[in-house]
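One structure below.
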Amino acid sequence: MTNKISHFVFYKEHQFYSSFPAVLSLPDKTILLMFRRARDVRWMIDDDSEESQLLKYQVDHIDSRSQLSKIILNQDLEQLSPAKSLSPDPEAADQDASLLLLKDNSILLSSFAWYPLPARIATQLTKNGIGSAGSMSSTGCSYIMWGGFVRKSSDLAKHWSVHQYLPPLPEAAEIIPNQRTSCGGAIRGQAIEVDNEILLPVYIRLKGHKTDGCHLYVSKDNGNSWSYRSAIAIDKNQKIHFNEPSLIQCDNNKTVAFMRSANGEDHLFTAISYDRGHHWEAWQQREVVGHPTHPFRLKDGRILLTYGYRHKPYGIRAQLMDKQAEHFIGDEIIVRDDAVCADIGYPCATQLANGKVLIVYYFTKEDGVRHIAGSVLSV
């Protein structure tokens, strides 16, 4: 059960397409909010024509200038700092942010990047068998997925290390043959720290495959170096895509991966490991519909699973789970259902000092401006 839900807008600027947030409670009682900020040139069009109105709902998740931006909040959710961009990769555009507070109070940021390509280069690379996303007609240029990376901060998000790209993933095609490896794949989802290891989930399509799968990297030196460990979930029938995995640790060495699906009727899928991700049991379809999911461990041990609901009525939803992530508790929680289109979601939760839960996400209302919003509720 929940009490009254309060909604907030944390960042909204009509010239920016703000999306894919992550939130983290810090040891000094402040809250780190990080999100992708990219250009949104629709503000230049100021008319009420049908074509202009339709542009409000056009989805554009790749931009050559996208960067990761941060805001610091206090426990009353007041901003202690304006939005400030982290130093970007000088070659590529940063995408989603995922955050993890390590045991030594340093912060691990994991993300991935897109490399923008002029049309003439993209055409030639396509002829050479190198795939790209985007098009001149819709995104203005094409992009190569440049790989997953991590960064660290040892001073509570004030300064960050340079981009450290992951080592190649076995059986994944090189990004540029003989010049750039797969660099792990894309990252959007919660890493975990278990004993002396950090487990980091990624997703990528292997060479010769038709669908995406989820995989696991591990660091044994506090995030300074990484190695590939295992495949979390791949559909051998090549029908269902698994991507955007998030991890949570339960008792008895149980690790659970929560995965977004495509061609799976938007259902949540999970996979379980009992040996720190060396081996995974067969993936299972769960009753939750929505994506991607973020599993957050509440102070009482229960898990709050949040997710975007990209079906009418569009909005943000949540579901409680037991401590072992086996069963759902109670009814689905409708956090809000007042979005105007499906371009919303990517929620992430944290618990405030007063016990209430803050869920952040990106949202779209009638004006079409993608913005970073949040909701506070008691669970």
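Every read-out reported here was derived from the displayed coordinates using simple, explicitly stated rules and does not represent laboratory data. The structure presented is a predicted model; accordingly, all values stated were derived computationally and were not measured. Neighbour counts run over all protein chains shown; Cβ positions are idealised from the backbone, glycine included.
Quick one: compute the contact order of the range 169-224, relative version, from alpha carbon pairs under 8 angstrom and 6+ residues apart, as a percent. Present the calculation step by step, with values, prior to reporting the outcome.
Working: 86 pairs, mean separation 16.0, N = 56.
With pairs under 8 Å counted, the relative contact order is 28 percent.
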Cβ-Cβ cut-off under 14 Å around L86, Lys and Arg +1, Asp and Glu -1: the net charge is +4
Can you put H267, H215 in order, fewest other beta carbons within 10 Å first? H267, H215
Please report the Cα spread of the range 6-377 along all three principal axes, rounded to whole Å, starting with the longest. 54, 49, 42
Between rounded, prolate and oblate, where does the range 135-250 land on the alpha carbon gyration tensor, with a ≥ b ≥ c its root eigenvalues, rounded for a/c under 1.5, else prolate if a/b exceeds b/c? oblate
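Give the order of V162, V379 when sorted by the count of other beta carbons within 10 angstrom, beginning with the fewest. The partial results should precede the final answer.
Details: V162 10, V379 19.
The order, fewest Cβ neighbours first, is V162, V379.
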Test of understanding: in a Gaussian network model of the chain with alpha carbons linked when under 10 Å, which of D338, D300, D94 would top the mean-square fluctuation ranking? D300
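What percent does the relative contact order of the range 197-309 come to when contacts are Cα pairs within less than 8 Å and at least six residues apart? It would help to have the intermediate numbers written out before the result.
Working: 283 pairs, mean separation 20.5, N = 113.
This gives 18 percent for the range 197-309.
On a full-extension model of 0.36 nm per residue, what is the gain between S137 and N196, subtracting their alpha-carbon distance, rounded to one decimal in nm?
Details: separation 59, 0.36 × 59 = 21.24 nm, distance 4.82 nm.
Here the segment from S137 to N196 would lengthen by 16.4 nm.
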So which trypsin sites (Lys or Arg not before Pro) in the range 261-325 end up in coil per DSSP with only 14 or fewer other C-beta atoms within 10 Å? K299, K323
So, counting K/R as plus one and D/E as minus one, what does the shell of residues with Cβ under 12 Å around A271 add up to? 0
Report the GluC sites (Glu not before Pro) located in the range 296-379 that are in a DSSP loop and have at most 13 other Cβ atoms inside 10 Å of their Cβ, or state none. E326, E366
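Would you mind checking K220/K254; K103/K220; K84/K299; K207/K239; K152/K220 for any pair whose Cα atoms are more than 22 angstrom apart? Don't skip to the end; give the middle numbers.
On the way: K220/K254 19 Å; K103/K220 13 Å; K84/K299 30 Å; K207/K239 16 Å; K152/K220 15 Å.
Flagged as over cut-off: K84/K299.
In percent, what relative contact order does the chain have, based on Cα pairs under 8 Å that are 6 or more apart in sequence?
Details: 1019 pairs, mean separation 57.8, N = 379.
For the chain, the relative contact order is 15 percent.
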A342 neighbourhood, Cβ < 11 Å, K/R = +1, D/E = -1, net charge 0
Show me, for the range 141-152, the HN-Hα J-couplings you get by feeding each phi into the Karplus relation (A = 6.51, B = -1.76, C = 1.60, θ = phi - 60°), rounded to Hz, glycine and proline as x. 6, 10, 9, 9, 5, 8, x, x, 9, 10, 9, 10
Using a Gaussian network model of the chain whose springs link C-alpha atoms within less than 10 Å, name the residue from A113, A22, A339 with the highest mean-square fluctuation. A339
Would you list Y115, Y361 from fewest to most Cβ contacts within 10 Å? Y115, Y361
For the chain, what is the mean residue ellipticity at 222 nm derived from helices alone (per DSSP H run of n ≥ 4: -39500 (n - 2.57); sum divided by total residues; nearest 500 deg cm²/dmol)? -1000 deg cm²/dmol
